[in-house]
Amino acid sequence: MADILVLNAGSSSLKWRLFRSGEPADGGIVERIGEPSGAVADHGAAVHQVLDRLGGVDAVGHRIVHGGTRFQAPVVVDDEVLSAIRALSELAPLHNPVGVAGIEAARHAIPGVPQVAVFDTAYHATLPEAAATYALDREVAQRYGIRRYGFHGISVGWVAAGTAALLGRPLAELNLVVLHLGNGASATAVAGGRSVDTSMGLTPLEGLVMGTRTGDLDPAVAFHLGRAGLDLAGIEDVYLHRSGLAGLCADNDMRRVIDRCSAGDPAARLALDVYCHRIRKYVGAYHAVLGRLDAITFTAGVGEHSAVVRARCLAGLEPLGIAVDRARNEAGDPARIVSPDGSRVAVCVVPTDEERAIADEVARLLRA
Ligand code: ADP
């Protein structure tokens, strides 16, 4: 499989990378899709633009956010698969439609070239029922497909494997907590390479504090806001776009939040405290879920680059065998262990690479 194009469609962007014999060869991002200031009308047009530039490719891998209960592994897309992904838009109205648009455009532009869908939920297909089930009326849950699906799975799978490589131990022997801290943020408990609990649920809203999303919240907040006169779209807008770090201190870039903290800004300090407190809670919870914990791995924008966040959210956990070595934490190498030698729990930083993980999956599937 010589040339594999990976497409990762966001709400108003299209990230693309070309892999040639497994190595990154080209890439870019089309931004402000569909916005008045952007040059491209929709995701279909963006895909056409990328394919025009590349000439031809041998296969395309598409990142699809929601695979529901059906898609537990990557699949080659045919008409039936495409309509199943389209139907899952009900569960992921912000995410699946742009993925579908990307697949449709690529099939149209390069008919006959295999299109592979790789799902962000698939890694969590191994969640035990006790972790995946909400304590909600069974009939309601079944009728509407309400359960914990989990997200960031492409990243978590890649980073779990990277952690095993870093520690020089087989993944099958390791119990890990993977903290993917980007604009979206999640924690996942991984036992022997299988996801056994994860903080995102039906949608990527639950769990940790994110750039603009609430994470965990009393479900009754929605009733309260509804009775106060907000409609459903208004509540959704508050939860998804006007909360998290941005809601607490009007900044969703962790670099700015930390700079403002250092300058003594109280709103930024509270935002960072809430963010780190939530992570600490999940680390403790997943330590309990796993019983024995071998490593905690930080990844994505904040996880890879913020020594402050890593140190803050693990501070005080020494009685659990968890500690961060200051010099190692602040050193600049990408993949590394940042806990002191001899710690019971290794604390690791492993850069994620979702596009590369997708390209690997595509190559593996098409070889099979
Ligand atoms: P996405 O979830 O969109 O893929 P990333 O994983 O790239 O996002 O993470 C983006 C976030 O990473 C930004 O919001 C930014 O706050 C944060 N970030 C990037 N570099 C740093 C840094 N040096 N220190 C703290 N945060 C950083």
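The values are calculated or read from the model by the stated rules, or taken from the named source; none is laboratory data. All of these numbers come straight from a predicted model, not from anything done at the bench. Positions of Cβ are generated from backbone atoms using ideal geometry, with glycine treated the same way; all protein chains shown enter the neighbour counts. Please note that ligands, DNA and RNA were not included when accessible areas were found on the heavy atoms of the full protein model with its side chains. Shrake-Rupley method; radii C 1.70, N 1.55, O 1.52, S 1.80 Å.
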Nearest-0.05 FRET efficiency for Ala288 and Ala109 at R0 = 51 Å, using Cβ-Cβ distance, is 0.55
With a length cut of 27 Å (Cα positions projected on each helix's long axis) and a Kyte-Doolittle mean of at least -0.5, go through the chain and give me the DSSP H helices that pass. 266-290
With r defined as the distance between the Cβ atoms of Leu82 and Arg326 and R0 fixed at 51 Å, what FRET efficiency is calculated, to the nearest 0.05? 0.50
Ignoring everything except DSSP H segments at least 4 long, calculate the 222 nm mean residue ellipticity for the chain; use -39,500 (n - 2.57) per segment, divide by total residues, nearest 500. -12000 deg cm²/dmol
Test of understanding: extend the Cα→C-beta vector of Arg70 to 7 Å, then name every residue of segment 118-134 with backbone N under 16 Å from that spot. 118-122
Considering only DSSP beta bridges where both residues belong to the chain, give the percentage that are antiparallel (nearest 5). 60
For segment 177-234, the Kirkwood Rh over every pair of distinct alpha carbons, in Å, works out to 12.9
Length gained, Ala267-Leu54, 0.36 nm per residue minus C-alpha separation, equals 72.0 nm
Let me cross-check Thr69: its accessible surface, 1.4 Å probe, with only protein heavy atoms counted, in Å² to the nearest 10? 80
Would you work out which of Ile154, Thr121, Val177 lies farthest towards the positive end of the dipole of segment 88-194, given +1 charges on the beta-carbon of Lys and Arg and -1 on that of Asp and Glu, about the Cα centre? Val177
Once both labels are modelled 7 Å past Cα along the beta-carbon direction, what's the Asp341-Ala130 spacing in nm? 3.9
Relative contact order of the chain, pairs being alpha-carbon contacts under 8 Å that are 6 or more residues apart, as %: 15
On the formula 1/(1 + (r/R0)^6), with r taken between the Cβ atoms of Ala315 and Arg242 and R0 of 30 Å, the FRET efficiency rounded to 0.05 is 0.55
Kirkwood hydrodynamic radius of segment 194-334, Cα pairs, Å: 16.6
Within the chain, cysteines having no neighbouring cysteine beta carbon under 4.7 Å are Cys249, Cys261, Cys348
Taking alpha-carbon centroids only, segment 284-333 lies from segment 179-217 a number of Å equal to 16
Scan of the chain for trypsin sites (Lys or Arg not before Pro) in DSSP loops with at most 15 other beta-carbon atoms within 10 Å gives a longest site-free stretch of 71-241
With each pseudo-label sitting 7 Å past Cα toward Cβ, what's the Ala141-Leu94 distance in nm, one decimal? 2.5
